[in-house]
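Where a number appears in this text, it was derived from the coordinates with a stated rule and is not lab data. Only a predicted model underlies this, so the values are computations on that prediction, with no experimental measurement involved. Counting neighbours? That spans all protein chains shown, and the Cβs are built from the backbone with ideal geometry, glycine included.
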Amino acid sequence: MWTNWSGGRECRPRATDRPLDEAGVMAAVARAADRGLRIRPVGAGHSDSPLAVTDDVHLDCSALTGIVSVGTDRVRIRAGATLASLHTALAEKDLALDVVPDSDALTIAGAIGTGTHGSGAAVGSLSAQVTGVRLVDGLAAVRRFEGADLDALRTGLGALGVLTEVELRVVPAALLHVHEEPGTPSELLEDGGVLDRHRWAEVELHVPSGEAIARWGDVIEPGSEPPPPRRDPVRAAAAGSAEALGRMVSWLAPGVWRSPRWGGSATGPAHRLLVDPRPQRAEFTEWALPREALDAAVRELSAATAARGLELKAPVLVRVGAAESGWLHPAFGRTTGWIAVRAPRGTDSGPLFDLVGTVLTAAGGRPHWAGRHDWTAAEVDQAYPRAAEFRRMRDQLDPQRRFASTHLDTVLGP
Ligand SMILES: Cc1cc2nc3c(=O)[nH]c(=O)nc-3n(C[C@H](O)[C@H](O)[C@H](O)COP(=O)(O)OP(=O)(O)OC[C@H]3O[C@@H](n4cnc5c(N)ncnc54)[C@H](O)[C@@H]3O)c2cc1C
């Protein structure tokens with residue numbers, strides 16, 4: 001039995017293959033074809049949608065690890081490696097990723113497969129950093145991609161083949177100075193406000209109480225001194241307890257939910273500051289909206305949940321990102337504001353997530369592929385101008401639908 005990270009998805013694959021290298025991936029795909037079975041690549045299983053679910057063959061990519069090469073502005077890494085291992089390897093060379101998602105347990109291919117993003121108005125997702133890939137297609141042949149064709153693979157949903165190696169753009173390592181401060185939702189979500197002015201920024205909202213906290217960070221230029229820490233002792237103590245309990249503090253005790261994360265401010269490498277050290281096993285749905293629609297969408301969400309008696313207990317996380325070129329990336333073609341709604345594992349999140357999906361679809365949102373959503377191919381066609389090209393690429397790379405699944409049939413069609 002396979003269970004995803006949140007515990008909300010499970011399946012009983014007929015077989016699980018764990019290839020050690022690209023030749024092993026080719027053999028696994030060929031073996032599945034010989035047996036007339038479908039095969040689904042799986043990374044760290046952090047997606048909450050059933051993208052990695054299959055009754056046929058699971059292709060566990062966790063042994064495809066290790067750096068292949070590192071240059072001054074590129075790294076080539078095997079696709080099943082975790083982000084944590086990449087952060088560490090790059091730091092040893094005074095390099096870094098330009099974008100830091102808040103989990104480092106994700107695999108490179110899994111994160112790219114769903115368009116995993118960080119939060120910065122001028123910064124693209126991890127998928128946007130990809131400059132080349134090697135992949136095993138549905139006929140068990142190795143293909144190499146670079147240039148414009150990569151736009152299909154930037155958010156491939158595991159539907160186009162098994163990524164074995166990925167080349168990513170990297171930047172010189174730098175220190176980030178981060179800061180956090182409470183405010184009202186409308187001032188923190190204002191277009192052109194805190195979310196848009198910094199290298200990295202996010203806002204957490206506790207919708208029932210109307211409380212909000214903004215966190216932001218900027219790179220400290222080489223040679224300049226980091227600003228002195230602004231540690232308020234009360235906040236520092238609260239931050240200590242928040243760190244100890246992970247973000248659970250903010251879920252369980254609404255009165256103290258604004259517990260600061262860094263005690264006001266901090267300085268360090270982005271991957272040390274921005275990765276959540278103890279993420280809670282929650283179910284989530286996340287939506288990518290036109291940036292300018294964020295404030296109104298949050299108000300609408302607040303009104304709709306209150307009207308239905310559905311409380312948004314966990315803080316709503318709001319992030320931003322640059323327009324993407326990936327054909328199926330939820331931020332395709334527009335500067336994006338992301339709204340993530342989480343529900344502790346074991347709660348009945350269905351009615352809440354359905355309502356969130358209805359409200360945010362009406363606001364022009366597209367679902368994060370890794371979150372819960374009920375979109376079908378009809379909605380995908382309407383929301384993604386390059387969906388037909390993605391399907392053509394799928395026809396070329398997987399003509400026999402070796403990588404298909406019930407969920408992919410729903411969102412992409414057969
Ligand atoms: C605690 C937590 C924090 C998160 N933080 C963020 C965040 O900051 N930003 C964000 O955008 N998302 C975030 N997510 C969502 C997460 O980024 C996605 O779920 C991501 O896809 C998970 O990567 P994974 O390695 O677990 O892949 P999986 O969930 O295992 O797989 C995801 C997709 O990738 C495909 N895939 C896996 N390996 C391969 C391969 N070798 N070749 C081709 N396809 C492959 C799978 O078939 C599937 O379609 C978070 C999720 C959690 C649980």
Amide N of the stretch 313-346 lying under 18 Å from the label point, which is placed 7 angstrom from the Cα of residue 296 along Cα→Cβ = 334-339
Relative to the longest principal Cα axis of the chain, at what angle does helix 83-92 sit, 0 to 90 degrees, rounded to 10?
-> 80
Toy charge model, Lys and Arg Cβ at +1, Asp and Glu Cβ at -1: the chain dipole around Cα centroid in debye, rounded to 20, equals 800
Cα gyration tensor of the stretch 1-43, axes a ≥ b ≥ c as square roots of the eigenvalues: rounded (a/c below 1.5), prolate (a/b > b/c) or oblate?
-> oblate
Projecting the Cα atoms of 331, 310, 352 onto the charge dipole of the stretch 293-414, where Lys and Arg contribute +1 and Asp and Glu -1 at Cβ, the residue farthest towards the positive end is 331
Hey, what angle do you get for helix 233-245 against the long axis of the chain, alpha-carbon based, 0 to 90 degrees rounded to 10?
-> 30
List the GluC sites (Glu not before Pro) in the stretch 168-205 that DSSP assigns to loop (not H, G, I, E or B) and whose Cβ has at most 15 other Cβ atoms within 10 Å. Which are they?
-> 190
Approximate spin-label separation residue 94-residue 219, in nm, with each point projected 7 Å along Cα-to-Cβ = 1.5
Given a Förster radius of 35 Å and the C-beta distance between residue 304 and residue 389 as r, what FRET efficiency does 1/(1 + (r/R0)^6) yield to the nearest 0.05?
-> 0.50
Please state the charge dipole magnitude for the stretch 82-181, taken about the Cα centre, from unit charges on C-beta atoms (+1 on K and R, -1 on D and E), reported in debye and rounded to the nearest 20.
-> 380
Can you give the Rg and Dmax of the chain based on its C-alpha atoms, in angstrom?
-> 20.8, 65
Based on the Cβ-Cβ distance from residue 31 to residue 10, what FRET efficiency comes out when R0 is 25 Å, to the nearest 0.05?
-> 0.55
Counting other beta carbons within 10 Å of each Cβ, put 398, 73 in order, fewest first.
-> 73, 398
Starting at 0 and stepping by 5 Å, how many percent of the alpha carbon pairs of the stretch 63-172 end up in each bin?
-> 2, 13, 25, 28, 20, 9, 3, 1
Of the listed peptides 390-396, 38-44, 272-278, 335-341, what is their order by residue-averaged count of other C-beta atoms within 10 Å, with the highest listed first?
-> 38-44, 335-341, 390-396, 272-278
So if we plug the beta-carbon distance of residue 55 and residue 345 into 1/(1 + (r/R0)^6) with R0 = 22 Å, what FRET efficiency do we get, rounded to 0.05?
-> 0.40
Mind checking the dipole of the stretch 2-94: about its Cα centre, +1 per Lys or Arg Cβ, -1 per Asp or Glu Cβ, Debye to the nearest 20?
-> 200
Burial ordering of 22, 379, fewest other beta-carbon atoms within 10 Å first | 379, 22
